[in-house]
Amino acid sequence: MYKKTNNIVARIFERQITTPPPSTSINCVRQFYENLVPDCTIYDVECPDQSFHKFTDDGHYLISFSRNHQNLIVYRPTWPSFSCNQNNCDSLHLPQKAKRFKSFFTQLYSVSLASHNEFICKDFFLHIKTNQFGLFATQTAPVPDAPAVRGATKGIPLIEKITFHLVRLEDGITLDEKVINNDFVSLAQSMGVFLYDDLLAIMALRSQTIHILQIRDSGNLVDVQAIGAFCREDDALFLSSHAQASTHFVDIIYMVNLDKQKQPKLPLDQGGNEIQHHQQSTEAQSSFLSGIKQRLLSFMFRGIWDGERDHSLQRVQSLKKKFYMHFQDYVDLIMWKVQFLDRHHLLIKFGSVDGWVSRNVDHQPSFFAVYSMESTEIIAFYQNSADELYRLFEEFCDHFHATSRNTLYMNFISSHSNNIHALEQLRCMKDKASSFVQFVKKMLASLPVSCQSQSPSPYFDQSLFRFDEKLISATDRHRQSAEHPIKFISRRHPNIFKFKINPGPEAGGDDDEAKKISSFFFHPILPLALSIQHTLGQPSVVNIHFRG
């Protein structure tokens, strides 16, 4: 055996003469990124005044939006090239003409998605890799204090029109659209939408409906199922037919009574009676619990009933204590969020309306239910402090992040279920927690996970690099800007500094008291990254980090 070296030439030679252990070939290839790091930075680069969102997971496109939130602008990442007619070209720095945004990115197109009264949701984008499609969303301005009519959930804002656009990323052509009217979908960080293979789940909060759609290869959005008020396709038809039968039966009884009383004003009274019957029927239907709520309550009832096997008296007492005393609290639960576990099972998060409005999830009780779309039954139910669910999350975290069986590179995103260093960090947080119950609630608050919320960049692989996760991580979100550069240190050689990411101007900001927010976009394959620093009342500062 010989000691491994960090020299890239030696590594290439070693790759030629040795065979990696089974199932480790990709991990061995990713170790080359220790030598290929974005060690050069162009500060405050000249670029268009746009809102940059992210790279697609395959690295082919950079998604951005216009500042007025009307146009979609897509770029193709390239690599700068320039000519040199001097003798010592290797020692030259990048020419000033090459230090531009267009030297690294080529604009493919700019298309308008939003109408005059709509705007693009700049925090929402899902990439369908198998077909190179992109899913975008536009919406009208939300109405925060809209009245709850037609069974809508109280306290949830109203959006008059939400449109999902399926766009072919190659040329920007819109292939299909899905419109949801008079509802609310949480589109920030794609919280209300989850993509698994070709299946799409949209959580409409105001109507408490989960819309299941299929994205066909032809570019069509096909409605598959709507889970909420009804769980099966024929539930509405079944209730409607029974309501008509009951109304017809009541009308017959009324006609018999009229014949007995021999009242002459039959048509007028009958018409008024029909209106009254219709109102009673409508009130009866609106008083029903939704299909998903009925299945949830029945699952809880059966679980408590089957848990007591001694005699009926203990079962009744247990039901009174655990079920009936909290019955109204369970009835008032609403669906907050949803994700696919696989093609047939959903993980649904339930909570109170007040908890969703306040967004203070740490102090609000919430519940998780596993729903089978085939049997339309709840097959598991947990509270947000359940030890069993936390153990599943700790050991099988990658299963919650599964978005497709085809995107293999997503399997290399570091988590505490596949990386020993991430697991050590989790255990350290657990040991420092003052209350284990609060720690479990804090960890389970991320469930259901947001779709495509993590970058597959190898520079976030915790088996290769060590960095401060408070300042930067694979999770796509804005962070408080650091006053000093963010260092990436080799994991195998803890004393070797590899590269740094410095958001903001090269000489630092003039106003140190101004609140600064930074966002980072790492290319999933190339040693290329964008850092953008946002300061209130000032133009954004865009830096490009690349391999020199």
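Taking the stretch 46-64 as the range and being open to solvent by less than 40 Å² (accessible area, probe 1.4 Å), at pLDDT 90 or above and in a loop (DSSP other than H, G, I, E, B) as the test, the residues that pass are THR56, GLY59, TYR61. Once the stretch 153-186 is narrowed to residues that are within 15 Å of SER115 (Cα to Cα) and of a type in the set (Ser, Thr, Tyr), the residue that is least open to solvent (accessible area, probe 1.4 Å) is THR163. Just one of the listed residues (LEU258, LEU268) is surrounded by fewer than 13 Cβ atoms within 10 Å (Cβ to Cβ) and at pLDDT below 60, and it is LEU268.
Where helices (runs of 4 or more DSSP H) fall wholly inside the stretch 294-403, the ranges with 2 or more residues that are more than 28 Å from GLU233 (Cα to Cα) and open to solvent by less than 20 Å² (accessible area, probe 1.4 Å) are 312-322, 387-395.
Filtered by the rule that a residue be more than 15 Å from SER463 (Cβ to Cβ) and among the β-branched types (Val, Ile, Thr), the stretch 14-28 gives ILE17, THR18, THR19. The numbered conditions (1) closer than 27 Å to VAL193 by Cα; (2) in contact with a helix residue (DSSP H, G or I) (Cβ under 8 Å, 6 or more places away or on another chain); (3) at pLDDT 90 or above are all true for ARG466 except (1). Count of the stretch 429-465 residues, restricted to those that are polar (S, T, N, Q), part of a loop (DSSP other than H, G, I, E, B) and in contact (Cβ under 8 Å) with a residue 24 or more places away in the chain, is 7. Listed by first and then second residue, the pairs linking a residue in the stretch 171-185 that is at positive phi and part of a loop (DSSP other than H, G, I, E, B) to a residue that is of a type in the set (Val, Ile, Thr) and modelled with pLDDT of 95 or more, with Cβ atoms under 6 Å apart and 6 or more places separating them unless they lie on different chains, are GLY172/VAL111. Do we have any residue at all in the stretch 481-497 that's in a strand (DSSP E or B), open to solvent by less than 30 Å² (accessible area, probe 1.4 Å) and over 28 Å from ASN418 (Cα atoms)? Among the residues of the stretch 481-497, not one is in a strand (DSSP E or B), open to solvent by less than 30 Å² (accessible area, probe 1.4 Å) and over 28 Å from ASN418 (Cα atoms), which makes the answer no. Within the stretch 28-45, the residues that satisfy the criterion of being assigned to a loop (DSSP other than H, G, I, E, B) and either over 18 Å from SER455 (Cβ atoms) or in contact with a Ser or Thr (Cβ under 8 Å, 6 or more places away or on another chain) (or both) are ASN35, ASP39, TYR43, ASP44, VAL45.
Modelled with pLDDT under 85 and either more than 31 Å from the chain's Cα centre (by Cα) or small (Gly, Ala, Ser) (or both): is that true of THR18 in this structure? Taking the combined requirement at face value, the residue satisfies it.
The values are calculated or read from the model by the stated rules, or taken from the named source; none is laboratory data. Keep in mind the model is a prediction, meaning the values are calculated, not measured. Because the Cβ atoms are built from the backbone with ideal geometry, glycine has one as well, and the counts that use them run over all protein chains shown. Heads up: the accessible areas ignore ligands, DNA and RNA and are worked out on the full protein's heavy atoms, side chains in. Shrake-Rupley method; radii C 1.70, N 1.55, O 1.52, S 1.80 Å.
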